[in-house]
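The values are calculated or read from the model by the stated rules, or taken from the named source; none is laboratory data. None of these values were measured; they are calculated from a predicted model. Neighbour counts are summed over all protein chains in view; Cβ atoms, including those assigned to glycine, are modelled from backbone coordinates with ideal geometry.
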Amino acid sequence: MLSTAGKLHHLWTNRRVRVDGKQMRVLVVDDNHNAAEALATYLSLENLQYRMAFGGVEAIAVGIAWAPQVIIMDISMPGCSGLEAARTLRQYGRTCGDSGRTCGIAIIAFTALDEAEVRSHIVESEFDGYCQKGQAPANLVTLVLSMAC
């Protein structure tokens, strides 16, 4: 685990995603449409390619079909939570022989919940980073970009 004392955004794993000089593909997942659209707009200004999903089930479908390099995942969503969606994507990558399409996706927990609450629900390595909502979007973008290799 990386040192994270006192930070509201940081990496939890050493997972990195290969970009090869192309635009990074980022999936924004939030059941709040306005929040997802605002974040996606900011990502486009930072020259990041994006798609949006408005819930966990949609996140799974888009994650499998589009294979983003990074997913910014809200946790508290009705129906299928961000935790369930992240677990499903990780499991799909392990069991469906998807040639790394979903296994290599970096997933960032982006939530109003504090870090301890999120960590208390994690079973395996569902998430590679954490960013608490309410911060400047530049902090989240810095976290996303730090995952590129």
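From the list I72, I108, which residue is crowded, with 22+ Cβ neighbours inside 10 Å, in contact with an Asp or Glu (Cβ under 9 Å, 6 or more places away or on another chain), without any contact (Cβ under 8 Å) to a residue 40 or more places away in the chain and under 16 Å from M24 (Cα atoms)?
After applying the criteria, what remains is I108.
Looking at L89, L8, can you tell me which residue is buried (at least 18 other Cβ atoms within 10 Å of the Cβ) and in contact (Cβ under 8 Å) with a residue 12 or more places away in the chain?
Within the list L89, L8, the selection yields L89.
For segment 61-75, name all the residues that are touching a Ser or Thr at 6+ places or on another chain (Cβ under 9 Å) and more than 16 Å from R18 (Cβ to Cβ).
Scanning segment 61-75 gives G63, I64, M73, D74, I75.
So which pairs qualify, if the first residue must be in segment 115-136 and within 15 Å of D74 (Cβ to Cβ) and small (G, A, S), the second must be at pLDDT 85 or above and surrounded by fewer than 12 Cβ atoms within 10 Å (Cβ to Cβ), the Cβ gap must be under 8 Å, and the two must be at least 6 apart or on different chains?
The qualifying pairs are G134/A112.
Taking the options L11, L39, L45, name whichever one is touching a Pro at 6+ places or on another chain (Cβ under 7 Å) and either closer than 18 Å to L140 by Cβ or of a type in the set (S, T, N, Q) (or both).
L39
In segment 19-45, how many residues are outside any helix (DSSP H, G or I) and either crowded, with 19+ Cβ neighbours inside 10 Å or modelled with pLDDT of 95 or more (or both)?
9
Taking the stated definitions as given, is V17 more than 19 Å from H121 (Cα to Cα), touching a strand residue (DSSP E or B) at 6+ places or on another chain (Cβ under 9 Å) and not basic (K, R)?
Yes.
For segment 119-140, which positions are in contact with a helix residue (DSSP H, G or I) (Cβ under 8 Å, 6 or more places away or on another chain), over 16 Å from D30 (Cα atoms) and either at pLDDT 90 or above or crowded, with 18+ Cβ neighbours inside 10 Å (or both)?
Hits for segment 119-140 are E126, G129.
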